[in-house]
Structure formats: C-alpha cells, structure tokens
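Here the structure is laid out as structure tokens; the discussion comes afterwards.
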Amino acid sequence: MKILLISPNTHVVPYPVYPLGLDYVAGALLKDEHQVQIADLNILDQDSLAELIKDFAPAIIGISLRNVDNTEIGNPLFFIEKQKELIAWLRTASEATIVCGGAGFTILARDIFNKIQPDYGIVGEGERFAELAHALEHNLPVDSIPGLITSSSSQAPVPWNGEQTRESGLGSHTQFYIDHGGMLNLQSKRGCSFRCIYCPYPHIEGSKHRRVDASIVAKTALDLQERGAKYIFLTDSAFNSDIQHSLQVAEAFQQAGLTIPWGGFFAPVKLPENYFKTMKTCGLSHIEFGTESLSDTMLKNYQKPFRKKDVFATHQQAIDADIHIAHYFLLGGPGETVETLNDTLDGVEQLQETVHFFFTGMRIYPHTKLYDIALAEGKISKESNLLEPFYYESDAITPAEIEAQVRQRSGQRINWIVGSGGDASARTVSKMHGRGYTGPLWEFLVR
Ligand code: B12
Ligand code: SF4
C-alpha cells in the first residue's frame with residue numbers, strides 16, 4: 001500500500017526537532033513492503049503537500065502528533081486546533097484512511113481522537129501501524145490490534161517487543177535539520193523504570209527498559225554523522241536510568257569512531273565514580289538534568305530517585321569532567337510552599353557553572369500519580385478536560401507567586417530562564433544556527 005507519513009510539528013522552541021518517531025514507523029511499514037513517503041511540514045507548505053498527495057495518491061495517511069501544547073503556564077500554546085484543521089483539509093485533498101499516533105497523542109488519545117476525528121489512532125509505539133496497514137490491505141478485522149483507538153473503542157499502550165527498525169534515509173527533510181543547527185537524534189532504549197508522580201513517559205514508552213544493543217546504537221550514530229549530523233541528541237526519557245547500558249552505548253560510540261558531540265537527559269542520581277569522565281571521553285558534551293527541585297521534601301513528594309545531596313555530587317562530577325550542564329526545575333507540585341521554594345532557590349544559587357530552566361505549575365496528565373492526587377484533593381474530577389492544559393497548583397503558593405519569586409531572585413542573571421526561553425531565545429538560537437553554530441547552544445548562557 002502507499003502510505004504517507006506526515007510530521008505536522010512546526011514548533012521552533014527551543015529549536016526544530018527532527019521527527020524521529022516517523023523513522024521507526026516507516027521502518028516497520030517498509031519491512032512489510034509498503035511504499036512509504038515522509039512529509040515534514042517544516043519543509044513543505046500546504047501547496048507542496050497537496051501536490052505530493054496528488055502525485056503519490058496514498059491509501060493511508062499517518063500523522064505524528066508529538067506536541068499537544070508547550071507545557072508552559074506563563075506562555076501557553078495549544079497545537080491540537082491546528083491538527084484538527086489539517087485533518088479537515090486532508091479530507092478534502094484525499095480519500096486516504098487517516099491514522100494518528102505519537103507521544104502527545106498517546107497521553108490524551110481519546111480526547112484528541114474525539115477532537116480531530118481521524119479514522120484510527122494508535123497509542124504507544126508506532127511499529128503497530130504495520131499490523132493496521134496489513135489488516136486494512138487484506139480487509140481483516142482490526143479490533144484485536146494492541147493500542148488501536150477507533151470512534152467506539154480505546155486501548156492502553158502495549159509495549160512493543162518486536163524489532164525496532166529505524167529508516168533514516170527517507171526523504172529530504174534530514175537536510176533541513178542539518179542546515180538548522182546540525183542536530184539529529186537517536187534513541188538507545190525505550191521505557192523509564194522510575195516513578196516520578198507527574199511523568200507520562202512510562203505511559204508513552206512503558207516502565208520496563210527495552211535496550212537497543214550498544215553496537216547497533218553506535219552504528220546508527222555513525223550513520224547520522226556520515227549523513228552530516230554535527231550533534232546527536234539522545235532522546236531516551238533519562239539516558240542514565242540504566243547506568244550500565246548508558247556506559248556501554250557511550251563506549252560503543254568511541255569504538256565506532258564517532259567524533260561529533262552528543263547530549264541528552266540525565267537524572268542526577270548517585271553515579272559511579274568517573275562516570276562523567278568516561279562519558280566525556282566518549283563525546284558527551286551536554287547534560288540536561290531533570291532536577292525539578294532542591295528541596296528534599298519536594299523531591300520525596302515527586303518520588304524522584306535522588307535527593308539534594310545527590311544533585312550536588314552529580315553536578316560536581318559533571319563539572320570535574322568539563323561537560324556543559326543545564327538543570328530543569330518543575331516548581332509548584334503537591335506540597336510546595338514558600339519554604340520549600342526558598343530551599344530550592346537557595347540550592348540553585350549554590351549550583352555554579354550551569355544554566356537553569358524553571359517551569360512553574362505541573363501539567364496534570366492521566367495515568368499518573370499526580371492525576372490521582374489532584375482527583376483526591378478535588379482539584380479535578382473524572383470529567384475534567386485535561387486536553388487543554390490544566391496545571392496542578394499547590395494550595396500554599398500560586399504559580400504567579402512562584403514565578404515572581406524566581407524572577408526576583410534571578411535579578412539580572414542570564415543563566416536563570418523562566419520556561420524554555422520562548423520565542424526570543426528561539427530567535428537567537430535560530431540566528432546562531434544560521435551562522436553555523438551547532439547543537440542546543442544553551443551552553444552560551446552557562447555562568
Ligand atoms: C527528547 C524530547 C525532547 C527534546 C528533543 C531533542 C531532539 N533533538 O530530538 C527537547 C528537549 C528539545 C524537547 C523539546 C520539547 N518537547 Co519534548 N520530549 C522529548 C521526549 C523525552 C522524547 C521524544 C522522542 O524523540 N522519542 C523517541 C521517538 C522514537 O519516539 P516518538 O517520537 O514518541 O515516536 C514513537 C511513538 O510515539 C509512535 N509514533 C510517532 N509518530 C507516529 C505517527 C503515527 C501515525 C503512529 C501510528 C505512531 C507514531 O511511534 C514511534 C516509535 O515507537 C518526549 C517524552 C517521551 N518519552 O516520549 C518529550 C515530549 C514529546 N516533549 C514534549 C514537549 C511539550 C516539548 C516542548 C514543547 C517543551 C518546551 N516547552 O519547550 C518542546 C518542543 C520542541 C519542538 N520543536 O517540537 C511533550 C509532548 C506532550 C505535550 N504536552 O504536548 C513530551 C511527550 C514530554 C511531556 N511533557 O510529556 N523534547
Ligand atoms: S526519571 Fe524522568 S522520565 Fe523517568 S519517570 Fe522520572 S521524570 Fe519521568
């Protein structure tokens with residue numbers, strides 16, 4: 001069958017992100033000998049898309065819904081209306097069956113499905129698309145496909161234990177990302193085994209690690225380098241949630257001859273001595289720590305797998321290894337008070353040679369412990385609409401008060417950033433990428 005895969009994500013904050021999920025969906029479909037094309041709306045406008053649809057005449061169109069919103073309480077953006085318009089327009093341009101999937105879709109599948117009305121949705125890993133395409137091609141029943149959403153039935157994601165095949169050479173969109181910052185991305189495992197109360201990642205990817213053999217990860221990394229990548233972002237929920245595997249992957253990079261820098265998300269958990277020195281030797285240049293708070297009370301409330309002392313020790317280890325460091329904070333969750341916030345900000349002031357991103361208000365997602373807490377506290381009901389972002393607010397301090405306090409403490413410091421930095425910082429990043437700088441570039445704010 002002819003299948004067109006669309007990435008409608010044109011969000012540029014903090015920078016345009018290569019639509020990695022579609023490489024895996026394409027890999028699974030190509031294995032079943034379907035004809036597949038990828039349309040990335042970062043490079044195609046509506047007229048070019050219409051032309052592509054006319055020429056290719058797909059029988060199925062798959063849409064990757066990565067972002068629902070930007071999860072920024074102070075500068076909210078909601079992307080689903082635009083996807084609804086896209087689907088309505090596709091119905092006029094094609095008779096193809098429309099299938100949605102992706103990380104954002106998986107979190108709020110039923111609500112998104114009802115709003116944008118595709119023909120089918122698939123929650124969780126998109127490799128299952130091949131099963132749906134097979135059923136549609138041969139007029140077989142679809143009801144038993146794990147994770148399938150229809151107008152009348154829903155299912156939870158079922159982790160995919162089959163082969164993961166990345167098809168990264170499909171279409172010309174790769175060049176766009178190489179030309180705009182040089183960043184391509186790579187996944188070394190799926191799943192996160194931690195249990196942080198607000199986090200939907202274990203729902204999206206499962207809570208059991210499914211590791212890709214380190215030598216295969218390194219082979220893909222080398223392939224990205226040969227295609228022109230100047231930097232690789234490891235998209236794992238937390239790259240070091242399996243410390244051993246993260247070391248194997250890093251060492252495999254070095255053995256394979258990878259020379260470009262790379263980075264990713266890390267949890268500031270207790271680490272073996274010299275962990276970051278080894279990582280640095282293997283090319284790790286940027287660490288994005290999901291620190292969230294520096295109050296032990298709040299870290300316990302959030303069920304984080306580390307405490308304040310671990311953050312400081314891990315931070316120091318990263319500094320000693322001479323790696324760029326950023327910390328992300330998530331303020332205002334259950335139990336946040338003026339005192340816990342002060343504890344965090346006192347701690348932040350002691351963390352040197354880094355950049356801090358502060359997010360206030362926790363987006364409440366279904367299938368999380370935070371959802372249950374908010375329900376028990378009467379902040380939401382089972383009928384609450386969580387598709388349009390809804391944030392947990394502590395009874396003791398409002399998001400506005402938290403933001404005011406962060407801004408007041410921050411003063412003129414340029415390494416304290418509220419939210420992702422928004423359009424202004426995205427414009428600066430874009431200009432620098434235009435001048436040939438590569439990578440995430442937040443290291444220029446490190447103080
Ligand atoms: C890594 C990451 C980042 C990195 C990306 C770096 C890079 N160069 O790639 C950075 C830090 C830059 C980032 C930024 C943002 N991110 Co982010 N990110 C992630 C993360 C952890 C992994 C995404 C990923 O690449 N996964 C690996 C690929 C292989 O998986 P995938 O894309 O999900 O695809 C699989 C399935 O979803 C499915 N699938 C995908 N497409 C399709 C299509 C069809 C038809 C089907 C059937 C299936 C299918 O199949 C694939 C293979 O199994 C996810 C959380 C998570 N664990 O998923 C959040 C996540 C996607 N991000 C999110 C958000 C909100 C953002 C930002 C808006 C945050 C901000 N305020 O700046 C920005 C947006 C950036 C942009 N330009 O779009 C949200 C989206 C949900 C929401 N509320 O909208 C997530 C889910 C995190 C969360 N808060 O829950 N992000
Ligand atoms: S470590 Fe990160 S990805 Fe894993 S559950 Fe906690 S917040 Fe989510």
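Bear in mind that the values in this text are calculations on the coordinates, not laboratory data. These figures come from a predicted structure and were not determined experimentally. Positions of Cβ are backbone-derived with ideal geometry, glycine not excepted, and every protein chain shown enters the neighbour counts.
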Amide H of residue 231: which non-local residues (sequence gap of 5 or more, or other chain) have their own amide H closer than 5 Å, using H built in the peptide plane?
184
Whole-Hz Karplus ³J(HN,Hα) for the stretch 264-279, in order, using 6.51 cos²θ - 1.76 cosθ + 1.60 and θ = phi - 60°, x for Gly and Pro?
x, 8, 10, 8, x, 7, 4, 10, x, 4, 6, 4, 6, 5, 4, 4
For the charge dipole of the chain, defined by +1 on Lys and Arg C-beta atoms and -1 on Asp and Glu C-beta atoms about the Cα centroid, which residue among 124, 428, 446 has the Cα displaced farthest towards the positive pole?
446
For the chain, what is one quarter of the convex hull surface built on the Cα atoms, given in nm²?
20.2 nm²
Is there a quick way to get the dipole size of the chain? I mean about its Cα centre, with the Cβ of Lys and Arg at +1 and of Asp and Glu at -1; what is the value in debye to the nearest 20?
580 debye
With both partners inside the stretch 181-445, how many of the DSSP beta bridges are antiparallel, as a percent to the nearest 5?
15 percent
Before rounding to the nearest 500, sum -39500 (n - 2.57) across all DSSP H runs of length at least 4 in the chain and divide by the residue total; then give [θ] at 222 nm in deg cm²/dmol.
-11000 deg cm²/dmol
Grab the Cα-Cα distance for residue 216 and residue 30, subtract it from 0.36 nm times how many residues apart they are, and report the gain in nm with one decimal.
65.0 nm
Residue 138 paired with residue 45, simple spin-label distance in nm, labels 7 Å along Cα-to-beta-carbon
4.4 nm
Karplus-derived HN-Hα couplings along the stretch 232-238 (A = 6.51, B = -1.76, C = 1.60, θ = phi - 60°), whole Hz, x at Gly and Pro:
10, 9, 7, 8, 3, 3, 9
Apply the Karplus parameterisation 6.51 cos²θ - 1.76 cosθ + 1.60, with θ equal to phi minus 60°, to every residue of the stretch 134-143 and state each ³J(HN,Hα) to the nearest whole Hz, in sequence, with x for glycine and proline.
4, 5, 5, 5, 9, 6, 9, x, 9, 4
Scanning the chain, every Cys lacking a C-beta partner under 4.7 angstrom -> 100, 192, 282
For the stretch 311-387, state the semi-axes of the equivalent ellipsoid (square roots of 5 times the eigenvalues of the alpha-carbon gyration tensor), sorted largest first and rounded to whole angstrom.
32, 14, 10
Show the residues, 5+ positions off or on another chain, whose built amide H is closer than 5 Å to the amide H of residue 72.
77
What's the extension gain from residue 307 to residue 414 if we count 0.36 nm per residue and subtract their Cα-Cα distance?
35.9 nm
Between beta-carbons, use under 15 Å as the cut-off and find the net charge around residue 298, counting Lys and Arg +1, Asp and Glu -1.
-3
Paramagnetic reach from residue 376 in the stretch 275-302 [backbone N under 16 Å; point 7 Å along Cα→Cβ]
300-302
Stretch gain in nm, segment residue 281-residue 170, where the contour uses 0.36 nm per residue and the Cα spacing is subtracted
36.8 nm
From Cα pairs below 8 angstrom and at least 6 apart in sequence, can you work out the relative contact order of the stretch 181-445, rounded to a whole percent?
19 percent
Between the Cα axis of helix 422-434 and the main Cα principal axis of the chain, the angle (0 to 90°, nearest 10) is 70 degrees
Measure of size requested: the Rg and Dmax of the stretch 181-445, with Cα atoms as the atom set and Å as the unit; please supply both.
18.8, 55
Calculate the dipole size of the stretch 181-445 relative to its Cα centre from +1 charges on Lys and Arg beta carbons and -1 charges on Asp and Glu beta carbons; express the result in debye to the nearest 20.
660 debye
Rounded if a/c under 1.5, otherwise prolate or oblate - the stretch 261-353, Cα gyration tensor axes:
prolate
Using Cα pairs closer than 8 Å and at least 6 residues apart in sequence, work out the relative contact order for the chain, in percent.
15 percent
When the charge dipole of the chain is computed with +1 on Lys and Arg Cβ and -1 on Asp and Glu Cβ about the Cα centre, the Cα farthest towards its positive end, among 290, 191, 61, belongs to 290
Charge dipole magnitude, Cβ of K and R +1, D and E -1 - the stretch 2-149, Cα centre, debye nearest 20:
220 debye
Which residues qualify? For residue 291, with a placed amide H closer than 5 Å and at least 5 residues away or on another chain, they are 328
Taking the stretch 2-149 as the region of interest, what is the percent of Cα-Cα pairs per 10 angstrom bin, listed from the shortest bin to the one with the maximum distance?
11, 44, 36, 8, 1
Taking the Cα atoms only, what angle lies between the long axis of helix 338-350 and the longest principal axis of the chain, rounded to 10 degrees?
80 degrees
Beta bridges by DSSP in the chain, antiparallel share as percent, to the nearest 5:
15 percent
Label point 7 Å out from residue 346 along Cα-to-Cβ: which residues of the stretch 278-320 have amide N under 19 Å?
292-301, 307-313
When N counts the residues of the stretch 74-229, how does its alpha-carbon radius of gyration compare numerically with 2.2 N^0.38 Å, as a ratio?
1.17
Of all DSSP beta bridges in the stretch 2-149, antiparallel share, percent nearest 5:
15 percent
Given the C-alpha centroids of the stretch 139-214 and the stretch 1-50, what is the distance between them in whole angstrom?
14 Å
